[in-house]
Each structure stands twice: as structure tokens, then as C-alpha cells.
Amino acid sequence: MHKDLDPRDGLEPEAPRTPKAAPPTDEELASGERIPEAVHAWLDGEPVPEAALNAAPREVAFWKKVEAETTTRRRMVTPAHVPAQILAKLPDKR
């Protein structure tokens, strides 16, 4: 049996509930526009004409920024002294 786990249940019985809106799909933008198929193909690694990408400069710039940020974060490592400091702060088991 599926149970709705809405935390508002039982708090305000007379308050009407608003219907939940469907979450936006990954192809929708906040303004309601759709991401062009050329951008999806480019993200999938398929060859795409440069003119098709130039038609969606905002989306291409966003995904290039995401790629640069993730590349930088993949190279990040925790300094060697940090795990020792964390373990030193944990209480001893008894």
C-alpha cells in the first residue's frame, strides 16, 4: 500500500491542500523554453555542427562552465593531515 508521507498531514485539517506540480523535466528551462536537440547531442558526444551550437549560446556556456568546474573538483584531494585530525576528535569507544 502506498502511503502519502506529507509532513503537513494532521497539522491543519481545515487548510486545503494545493495540488503538487509535476517537477520540471531535465529538458525544460526555468523560462519554459526547451533545450535544443543539438545541445543534447553535443552533451552525448555526438558530432554537431558549430552553427547548431551557436543557436543556443546560453546553454552551451552553462555546460562548458559545469565541465570546467567538475574537472577542477575531480582533481581535489583531502590534505593528508585532515583525516588524522578528524580521528583525533572522535571519542574513544567504551
Given 0.36 nm per residue, what is the gain on full extension from Glu37 to Met76 after removing their alpha carbon distance, in nm? 10.7 nm
Using 0.36 nm times the number of residues separating Lys64 and Leu90, minus their current alpha carbon distance, what extension gain do you get? 5.3 nm
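No lab work stands behind these numbers, since they all come straight from the coordinates. Keep in mind that this is a model prediction, so the values were computed, not measured.
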